[in-house]
Structures are given as structure tokens and as C-alpha cells.
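Undergrad: If you scroll down you'll find the structure; I have some questions about it.
The values are calculated or read from the model by the stated rules, or taken from the named source; none is laboratory data. Computed from a prediction, not measured in an experiment: that's the story for all the values here. Cβ sites come from the backbone with ideal geometry, for glycine too, and all protein chains shown count toward neighbours. Each accessible area value is taken on the protein alone, full model and side chains, heavy atoms only, with ligands, DNA and RNA left out. Shrake-Rupley method; radii C 1.70, N 1.55, O 1.52, S 1.80 Å.
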Amino acid sequence: METVIAFIIIFGALVFFHELGHFIFAKRAGILVREFAIGMGPKILGITKGETIYTLRLLPIGGYVRMAGEDLDTVQIQPGHRVGILLNKDGLAEKVIMNQKTMYPEILLLEVEEADLDKELYIKGYDEEEKFVRISVARDAVIEENGKDTILAPYDRQFGSKSVGHRFLTILAGPLFNFILAFFIFSALGLMQGIPTNEPVVTEVTADSPASEAGMQNGDLVKEIDGKAISTWDELVNTVQVNAGSPLAFEVEREGEPLEFTITPEVSEESPEKVGVIGVLYRSPLEKDFLGSFVYGAEQTVFWFKEIFRLLGMLVTGQFTIDALSGPVGIYKTTEEVAKYGVFTLMSWAGMLSINLGIMNLLPLPALDGGRLMFFILEAVRGKPVDRQKEGMVHFVGIMLLMLLMIVVTWNDIQRFFF
């Protein structure tokens, strides 16, 4: 149950901040946001505030911000339709009832000849006395169809009416907020538990390892490797990882006495990248520093950003296969393992996942935020938008391929963890 709660909180927070980025920038651009949803599938809870409904949905595997003008959002009234119209005190239509059997007091019944609910906002037609009338529609009018109310979205409040720059920023804001969330998580870690000093001091030497066989001991401070000065543990790790199978000359300091060792990193069998290891562990002492915590947050965000991009590049170049990818099942099982090491480790895992979510969404693939951004860039270069039907077809194909990939990855996770 603890794992379930941790998974829901982490995944919910990542999705919430991602969608919050879209939401805030959409509002700033003047776009009408119809729904802010956390989760996918059937609605569990819905609260309407202003013109937006905030919903919690059953499956905690995503979320979305539904903006006016996207997909099949717009309401169409065709000639020949019979509609009921309620007028406000200014004589504007404040509610248009379609396919509604219940009669309202003072309702105006109209057989529609022509309607424009996007730009000019009017309905023309014949009333019950066969008189031809033109009714202006209020900008915030409600369209009721089959008992469901939809707030009217004039064209200037639709996503597609905004400039390329506004649309670009609205979509970019989702991944951007994931990076911001990661920064605050890592900064909070620095504030609560302290900042690792990152000194290249060996905390523990594992038995029967290259380091142990060479004579390295707990507490040794690594000063140089192959004549190159080492000032941080990260520098030590990076040097060892890229030199699997190559002898390295270590210069260390033990209780003030300089010592030298020759150690050959062996290939790690646990890593898909086949990196070098020498069998030493590190537990950095921690120090409290208020301003330094935010520097630490930025450094960790940049570090994981680069690391995930590096791993992504290895996947693209075929250095490891699709079997190394994890879906929701794999993330859940890893969260279960990480949770055993306490809340701070769990927070670090959440920060890394947030960066990963942001980067994955920026990939220039159809249906992802990155794919939409590519269409905006293409529109800016061409000076005109790509045909919406063609773009929609590309995104549809992309969604199908992503769903297929998700099925494959999830099946691999199930086999890996349960069989």
C-alpha cells in the first residue's frame, strides 16, 4: 500500500505540474480551457470553477488540458435545426438549447437558417410566428445539447486563433514545468538533508574487487588518476566508467601519506552500457547551506538532463535495445525498491522522473508535445499552417505507434518482474 501511495503521489505530481504549465500559459494567451484533468479514463471527481472543470480520472497514467478549438471542440448549428434560445436583459442569446424537450419559460423557439458561433456570433432563422429574426449571441453563452452544457468559445479564444509564438509557448510550458519541478525537488533535498560535499573519498571497498586487490582501503582520498587531478567523486566515477579494461594509475592520500595504485576497471555486468567499475562505494558527508541548496538543485537538474539525453542517444544508436525501457509497470516496481531507502531517495527518484518526462515529451514525435512544436516551427518557416486534417492524421498515427510501444514495453516489464 505504501508503494501504491508513493507511486500515485509521484506520478500525480509530475502530471499535475506538466499540465499546470500548459494551463497557465493557455490562460495567459487568452485561450478558453475547458478541462484540467489528472489521470485518464472514467471521471472520478469533477469540480467546475469559472469556465474550467477540474477532473480526477481513474487511471493515474497521464493527464491533459483540453483547450477550446482543439479536436471536435466547436459546436455547429446546421440549417434546419430547431433550437431554443434564452435571452439576457440585453437581448443577447445567453443559452442555446439543442435537442431539448424540456421547455423553459420565455424561451424563443427558432428554426435555423444560418448560424455563426465562431466570429460574428449570431443565429438567423424563423420563429414560431414564421418571422425571420437575427439573434446576436453573447460571448459567454452556453450551448446545451442532450443535457450537457458547453461554454461558447469565440474564435479569438480558441487555441488555433493565437499566434505561433503563443501556441508554441503554451505547448512548451508542459515540459518546462517538469524541469522546474525537478529543480525545486532537488533544492528541497539540499535544504532538508544537506548538500553532498562530493569529495572523492572512498567510503567502502568491496571484497574481491579490482580496488581491493590493488590495496585500496576505506577512507582513501583520490588525488589523481593517470596524472589528471581529481577533485570530485563524479570526476572519479566518469574516469573509471569510460576506461573499462584499461589500467589506471591512482594517486591517493591515506592519513596524510601519498600512495599509488594501478587498478584496471572491470566491465559492469549490471549496466546495459557496459561501463567500468573498480568496486568502491561512496557516501558523501552532507553540509547545510541555504543558498547552496538552490545551486545544488540546478546542478542536479542539469546533470540528470544530460544523463537522460546520453542514454537516449545510446538507445537511438543501438547501444542498448528497447528491452532496457520501462513503462508504468517498471516505474512502479522501481518506485517500490526506491521507497525502501527512505523519503529522500524517493524525492531524488521523483526529480529524475520529472526530467525524464519533460525530455520524453520534447521528442519530435507525433502526438507528443515535441511533435506539435515541430509543426509550429514548420508553420513559422512556411508562413502558413499545415493543413489541420493532415496534421491530425500524423498525430493519430503517432498515437497508435506510441500505444503499440507502450504495450510492448509494458509486456516486457511484466515478464521481467513477474515471470
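Undergrad: For the chain, the longest stretch holding no GluC sites (Glu not before Pro) located in a DSSP loop with at most 10 other Cβ atoms within 10 Å is which?
TA: With a cap of 10 other Cβ atoms within 10 Å, the longest stretch comes to 271-419.
Undergrad: Rounded to the nearest 500, what is the 222 nm mean residue ellipticity of the chain from helices alone, with -39500 (n - 2.57) per DSSP H run of 4+ residues and division by all residues?
TA: -14500 deg cm²/dmol
Undergrad: Please go through the residue pairs K49/K148; K306/K390; K43/K119; K27/K390; K89/K124 and name each one whose alpha carbons sit more than 25 Å apart in this structure.
TA: Pairs exceeding the cut-off: K306/K390; K43/K119; K27/K390.
Undergrad: Sticking with this structure for a sec: Which one, K390, K95, K288, has the greatest fluctuation when you compute a Gaussian network model over the chain with C-alpha springs under 10 angstrom?
TA: Answer for the Gaussian network model of the chain: K390.
Undergrad: Enter the Cα centre distance for the pair segment 295-321 and segment 120-175, rounded to the nearest angstrom.
TA: Taking the Cα centre of each part, segment 295-321 and segment 120-175 sit 44 Å apart.
Undergrad: Okay, next question. For every other residue with a beta carbon closer than 9 angstrom to the beta carbon of T239, add +1 if it is Lys or Arg and -1 if Asp or Glu, then tell me the sum. Write down the numbers at each step before the final one.
TA: On the way: positive: K228; negative: D226, E235.
Result for the local shell: -1.
Undergrad: Given axes a ≥ b ≥ c from the Cα gyration tensor, I'd like to know whether segment 287-419 is rounded (a/c under 1.5), prolate (a/b larger than b/c) or oblate.
TA: Because a/c hits 1.5 or more and a/b fails to exceed b/c, segment 287-419 counts as oblate.
Undergrad: What size of dipole, in debye to the nearest 20, comes out for the chain about its Cα centre when the only charges are +1 on Lys and Arg C-beta atoms and -1 on Asp and Glu C-beta atoms? Please report the intermediate quantities before stating the final value.
TA: Details: 36 positive and 55 negative charges, 290 e Å.
Around 1400 debye, computed over the chain.
Undergrad: With a 1.4 Å probe and every protein chain kept in, tell me what percent of the accessible surface of the chain is carbon plus sulfur.
TA: Accessible surface attributable to carbon and sulfur in the chain totals 59 percent.
Undergrad: I want to verify a result. In a Gaussian network model of the chain, Cα cutoff 10 Å, which of these has the top mean-square fluctuation: Y64, Y332, Y126?
TA: Residue with maximal mean-square fluctuation among Y64, Y332, Y126: Y126.
Undergrad: In whole angstrom, and with the biggest value first, how far do the Cα coordinates of the chain range along each principal axis?
TA: 105, 45, 40
Undergrad: Would you list the membrane-span-like helices of the chain, meaning whole DSSP H runs whose alpha-carbon atoms span at least 24 Å along their axis and whose mean Kyte-Doolittle value is at least -0.5? List each step's numbers first, then the result.
TA: Values: long enough: 2-28 (38 Å, 1.39); 164-193 (43 Å, 1.52); 290-316 (40 Å, 0.97); 343-362 (29 Å, 1.39); 388-418 (44 Å, 0.82).
Helices passing the filter in the chain: 2-28, 164-193, 290-316, 343-362, 388-418.
Undergrad: Then there is this: In a shell of Cβ-Cβ distance under 11 Å around L87, excluding L87 itself, what net charge do Lys and Arg (+1) and Asp and Glu (-1) give?
TA: In short, -1.
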